[in-house]
Amino acid sequence: MSRVSRREFLALTAAGAAIAGPASPPANASAPVSGLSSLTGNVRPIDAEEHGARLAKLQGLMQQRKTGALLIESGSTLEYFTGVRWWRSERTTAALVPAEGPVVVVTPAFEEPSVRETLRVAADVRPWKEDESPFALLAGAWRDHGHGGVLAIEPTTRYFILERVAAAATAKPHIVPGEDLVRACRMVKSPSELALMQAANSVTIAALRYVHEQIRAGMQATDILALVMSATKQLGGSHEFTLVLLNDASAYPHGSIKPQEVRAGSVILIDTGCSVHGYQSDISRSWVFGEISARQRELWDTVKRGQELALETAKPGVVAGAVDKAVRAFYEQKGWSRDYGLPGLSHRTGHGIGMDVHEPPYLVRNDTTPLQQGMCFSDEPGLYIPGEFGIRLEDCWYMTEGGPKLFTELARSIDQPV
């Protein structure tokens, strides 16, 4: 599921499928939940020393690759390297990270005090007033610090920023992608990052455990969504997203607007995540309300085996795509569609996760990234039958020297899904 708290995510609140980020919660999402208390009170955020070490690693890589600077717009990568936690709008906040020397942060003048609140590294902050150009300031930073003439661009930076910075520069930079620089730093998580992800996953599984016990006949997806959001907040997480898919809506990985409610035999699929100090969880559980059919049980058991096979395949040095191929081969042997077709597994087996819910590398068959100790992934090889139902089970894990280690235990059975 896509991250929503750092960008405005569409909130679809229909009776059949509820999708929400914090921008548009249901009216009763803030109602207190009895019996739940925060799990994150003693969890520590990433400190200034670690931010400094990240920046030093980045600058060392830039020097090795003869890159003059990296241009980063506000977002998770800017927060990763500098601590600055800011959103994207028509008013540009961005940073130029030179291969040597302090970071240059450009931000609206009236936002400067707020931006400085989360800044964790030494920086030259250059504010711009409403009638001034942030692009001229960034071009000036490039003039001052752009050693070597090569300017790398963080991959999610919007094109208009690059275009206008280049136009404002007196000495035109040679533009190159900065994705490899960012990936080299962000893909492998530190012990501090793993601890924050463990906290986020612990909150989410506890919220799901609570919600599982509260489901009643006649509930709509928005009722369940409100429960998830309230429980997540009370457990100490910042709600990021929730998908609630009921009945045949569960056959569509990201939902349907067709009205649905809980009834006897309903498949209930909840995919949800939270953040703790900027680090994400992403967990899915599927179960049946009331009597379980043989077809529902068989599909659930097949997906559970798919999850297990993904973990058995993932080892240090194995390429990411091999995990997807192994699960897909198992499903195809059982008669499910080939090549991401339906009915079957229409999406990748998993995705990287960290400060973003979806980040590289990906457990998709054409990803040749070797798995390394410290990489983090989701494990979600769902199966979907359009017009009937779908089952998705999802847990996140990180790679250790000896293989994958789960943040949360796999669901035991369709009878004990949480």
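Worth a mention:
- Candidates VAL121, VAL182: the one that is modelled with pLDDT of 95 or more, aliphatic (A, V, I, L, M) and part of a loop (DSSP other than H, G, I, E, B) is VAL121.
- Out of VAL176, VAL211, sole residue that is modelled with pLDDT of 95 or more, of a type in the set (Val, Ile, Thr) and within 30 Å of VAL276 (Cα to Cα): VAL211
- Test: ALA310 is surrounded by 23 or more Cβ atoms within 10 Å (Cβ to Cβ), in a helix (DSSP H, G or I) and not assigned by TED's automatic domain parsing to the domain that holds GLY178: yes
- Where a residue in region 211-232 is farther than 12 Å from ILE270 by Cβ and assigned by TED's automatic domain parsing to the domain that holds VAL288 and its partner, wherever it lies, is part of a loop (DSSP other than H, G, I, E, B) and hydroxyl-bearing (Ser, Thr, Tyr), with Cβ under 8 Å and at least six apart: SER230/SER30
- Residues that are surrounded by fewer than 23 Cβ atoms within 10 Å (Cβ to Cβ), of a type outside the set (S, T, N, Q) and under 21 Å from GLY278 (Cα atoms), drawn from region 87-111: TRP87, ARG88, GLU111
- Within region 83-110, considering residues that are in contact with a His (Cβ under 8 Å, 6 or more places away or on another chain) and either part of a loop (DSSP other than H, G, I, E, B) or small (Gly, Ala, Ser) (or both), the one farthest from ALA169 (Cα to Cα): GLY83
- Qualifying positions in region 320-341 - small (Gly, Ala, Ser) and either within 18 Å of ASP367 (Cβ to Cβ) or touching a helix residue (DSSP H, G or I) at 6+ places or on another chain (Cβ under 6 Å) (or both): ALA320, GLY321, ALA322, ALA326, ALA329
- The residue list SER281, SER275 contains one member that is touching a residue at least 12 places away in the same chain (Cβ under 8 Å), polar (S, T, N, Q), surrounded by 18 or more Cβ atoms within 10 Å (Cβ to Cβ) and under 20 Å from HIS347 (Cα atoms), which is SER281.
- Members of region 360-418 that are in contact (Cβ under 8 Å) with a residue 60 or more places away in the chain, surrounded by 13 or more Cβ atoms within 10 Å (Cβ to Cβ) and either at positive phi or among the aromatic types (Phe, Trp, Tyr) (or both): GLY374, PHE377, TYR384, PHE389, TRP397, TYR398, GLY403, PHE407
Conditions tested, residue by residue: (1) outside any loop (DSSP other than H, G, I, E, B); (2) closer than 22 Å to TYR331 by Cβ; (3) at pLDDT below 95.
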site: GLN372; (1), (2), (3): no, no, no
site: PRO381; (1), (2), (3): no, yes, no
site: ASP395; (1), (2), (3): yes, yes, no
site: MET399; (1), (2), (3): yes, no, no
site: PRO404; (1), (2), (3): yes, yes, no
site: ARG412; (1), (2), (3): no, yes, no
site: PRO417; (1), (2), (3): no, yes, no
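- Some residue of region 71-82 being of a type in the set (Gly, Ala, Ser), modelled with pLDDT of 95 or more, in a loop (DSSP other than H, G, I, E, B) and buried (at least 22 other Cβ atoms within 10 Å of the Cβ): yes
- Matching residues, region 37-70, being crowded, with 19+ Cβ neighbours inside 10 Å, in contact (Cβ under 8 Å) with a residue 60 or more places away in the chain and over 24 Å from the mean Cα position of the chain (by Cα): MET62, THR67, GLY68, ALA69
- Looking across region 112-124 at every residue that is touching a Pro at 6+ places or on another chain (Cβ under 9 Å) and surrounded by fewer than 21 Cβ atoms within 10 Å (Cβ to Cβ), the one that is nearest to TRP87 (Cα to Cα) is identified as GLU112.
- Within region 148-179, the residues that satisfy the criterion of being assigned to a strand (DSSP E or B) and surrounded by 14 or more Cβ atoms within 10 Å (Cβ to Cβ) are VAL150, LEU151, ALA152, ILE153, ILE175, VAL176.
- The number of residues in region 315-336 that are surrounded by fewer than 15 Cβ atoms within 10 Å (Cβ to Cβ) and hydrophobic (A, V, I, L, M, F, W, C) comes to 1.
- Filtered residues of region 211-220 (kept if surrounded by fewer than 21 Cβ atoms within 10 Å (Cβ to Cβ) and part of a helix (DSSP H, G or I)): HIS212
- From the options SER250, SER284, residue that is within 24 Å of the chain's Cα centre (by Cα), part of a strand (DSSP E or B) and closer than 21 Å to ILE224 by Cβ: SER284
- Residues in region 252-267 that are among the hydrophobic types (A, V, I, L, M, F, W, C) and either surrounded by fewer than 24 Cβ atoms within 10 Å (Cβ to Cβ) or modelled with pLDDT under 95 (or both): ILE257, VAL262, ALA264.
- Region 126-147, residues that are in contact with a Ser or Thr (Cβ under 7 Å, 6 or more places away or on another chain) and either outside any helix (DSSP H, G or I) or in contact (Cβ under 8 Å) with a residue 40 or more places away in the chain (or both): PRO127, PRO134
The values are calculated or read from the model by the stated rules, or taken from the named source; none is laboratory data. Because the structure is a prediction, the values reported are computed rather than measured. Note that each Cβ is placed from the backbone with ideal geometry, even for glycine, and that neighbours are counted across all protein chains shown.
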